[in-house]
1. Taking the stretch B:20-57 as the region of interest, how many residues are among the aliphatic types (A, V, I, L, M) and either within 24 Å of A:H410 (Cα to Cα) or facing another protein chain (nearest Cβ under 7 Å) (or both)?
2. Looking only at the stretch A:375-391, count every residue that is within 14 Å of chain B (Cβ to nearest Cβ) and of a type outside the set (A, V, I, L, M) and tell me the total.
3. Please go through (1) within 28 Å of A:L182 (Cα to Cα); (2) within 14 Å of another protein chain (Cβ to nearest Cβ); (3) not small (G, A, S) for A:E439 and return the number of the only condition it doesn't satisfy.
4. With the checklist (1) closer than 17 Å to A:A280 by Cβ; (2) crowded, with 21+ Cβ neighbours inside 10 Å in hand, flag the one item A:L189 doesn't pass.
5. Got at least one residue in the stretch A:451-458 being more than 23 Å from the chain's Cα centre (by Cα) and either in contact (Cβ under 8 Å) with a residue 24 or more places away in the chain or part of a strand (DSSP E or B) (or both)?
6. Which is at pLDDT 95 or above, within 16 Å of the chain's Cα centre (by Cα) and closer than 25 Å to A:A26 by Cα, of A:I164, A:I184, A:I196?
7. Mind listing just one residue for me: the one in the stretch A:60-78 that is in a helix (DSSP H, G or I) and touching a helix residue (DSSP H, G or I) at 6+ places or on another chain (Cβ under 8 Å) and, of those, farthest from A:M427 (Cα to Cα)?
8. When you go through (1) within 20 Å of A:R145 (Cα to Cα); (2) more than 21 Å from the chain's Cα centre (by Cα) one by one for A:K254, which number turns out not to apply?
Amino acid sequence: MTFYDKLEQFGEKKALITEQECLSYAQLQIAVNDLRAQINDRCLVFCLCSNNVESVTGYIAFLQMRVVPVMINPVINRELFASLLHTYEPNYIWAPKGFCPGQARYVYKDYALIKTEYGQKAELHPELALLLTTSGSTGSPKLVRQTYRNINHNAESIAQYLTISGDDRPITTLPMSYTYGLSIINSHLLKGAAIILTNDSLMEKSFWSLLKEKQATTFGGVPYTYEMLKRLRFLRMYLPSLKVLTQAGGRLGKELHLEFAQGCAEKGIRFIVMYGQTEATARMSYVPQEYSISKAGSIGISIPGGKFWLENDNGSVINEPDITGELVYHGNNVTMGYSTCQEDLAKGDELGGILRTGDMARRDEDGFYYIVGRKKRFLKVYGNRVNLDELESLLQKSGFEAACAGEDDHVRIYLDHGEPDEVLKIMTGLTGLNRSAFEISKIESIPRNESGKILYSELGQWK
Amino acid sequence: MTNLEKYNTAFMETFDITEEQLNSDLVYQSVEAWDSVGHMQLIAALEDAFDIMFDTDDIVDFSSYDKGKEFMTKYEVEL
């Protein structure tokens, strides 16, 4: 039995709490049943999700009836949404009323189930449960194919190492379409905990009022969240209900890691740094609480049921400590691979439980791993993966030759012609990221080698 | 630069908006750049410009251009 199939066992326990309402597990299952009655067969659905009752209801209903949802953030750029639609031709869309044209087949609160004009049903692999985007922001049609087994194994493992119980009460701080946000929902529903749903950000008074009023015990954050918490002097705030903070979605600098590890320890809050990827369902490692200070800057050890190792350029396993190699993970939460078109949805497992993370890491003598770099050209911006080559090709489509580089939370774009302001508008429009994420500079010419490849190492001199 | 000019500059530079947009309609999320990330940038810009440190309650309650003006007086910044 899987967690989403047995919600009823928690009966009258609170499942979902919002500012206005509270649903028990039994009530959630009733709402789920109503939605389930609307779809007969296994098919593909676009599930537009925010942190609200409707989205969770839809998500659970789809999993229960083995309908495959593509989880999409409603703030997605409309052109990119249209292209995703065109690529995957879903049979239904579960979205806020008025989000897209079409007659509502069923309405629940502020959401409507729209039957699309796509008559054909995509062939779906029997194990396929869920599709998630890897970089919500660049709208790439590349989705990660997660299985029912993946979701359950990862939820079980997370609940185990975080010792989640039915008394926990997370408050949402991350989008539900984002693997980390979703993993918090999964692992808590598994244990019969109540989830406080809000779309308000940490920078809003209403978020903190809700956290206090509903007695939240935990929340998660990406590195940028911790920058915000620092700015908010979080460690000086009085929030007695809060017991656990988690962090993932990119590398937290050692300084910030240490500051929160120490500050939280003084406040009696468990601070758990974790590491994961959508390709591994969500989580792959964590730093156990007792090591949060002594191993600050580390991504910790593999989660229960998982295993890490490092490989050098020749693909040989590195056994000695303190040598850098590519981080490789093995576990039941490693997904089946990617899809880039509808036909891919019929494909089976392409990874065989082994994920090459693309991150370069080292392991210390105690077996703790540290990320030191990346093999692939992407950045983490406010927790979102941003593929630099994709940005360059998006800009090219808009008529700009650009070189994209930078570091996490800071994309540097180099232009040899065109207006930086115009490029900034295009970038924020396409990615939905705040403008402060981009620094755009004009340079005389983009340095290239003889075959035309951009020489990124030479861009630094233009900084 | 006067204090009001400094206050205005922080908004205009952080959110890339014009002087005409600095009015009572300018509230959190009313312009694209004023999201949670932009909010933090604004607070940082104001703290730097006036060499002050906002209280947590004021940071999360700093929800509009007008309301922010009221808070500034609390930090002995006369606009």
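1. Step one: filter the stretch B:20-57 for residues among the aliphatic types (A, V, I, L, M), giving B:22, B:26-27, B:31, B:33, B:37, B:40, B:42-46, B:49, B:52-53.
With the extra rule that they be either within 24 Å of A:H410 (Cα to Cα) or facing another protein chain (nearest Cβ under 7 Å) (or both), the set shrinks to B:31, B:33, B:37, B:40, B:42-46, B:49.
Qualifying residue count, the stretch B:20-57: 10.
2. Total meeting the criteria: 4.
3. Status for A:E439: all satisfied but (1).
4. (1)
5. yes
6. Details: A:I164 fails: within 16 Å of the chain's Cα centre (by Cα); A:I196 fails: within 16 Å of the chain's Cα centre (by Cα).
On inspection, the qualifying residue turns out to be A:I184.
7. Just the residues of the stretch A:60-78 that are in a helix (DSSP H, G or I), to begin with: A:60-64, A:78.
Next cut, touching a helix residue (DSSP H, G or I) at 6+ places or on another chain (Cβ under 8 Å) only: A:60-61, A:63-64.
Values: A:I60: 34, A:A61: 36, A:L63: 35, A:Q64: 38 Å.
This residue is A:Q64.
8. (1)
The values are calculated or read from the model by the stated rules, or taken from the named source; none is laboratory data. Note that the coordinates shown come from a computational prediction; the quantities given were computed from them, not determined experimentally. Methodologically, a virtual Cβ is constructed for each residue, glycine included, from the backbone with ideal geometry; neighbour enumeration extends over all protein chains shown.
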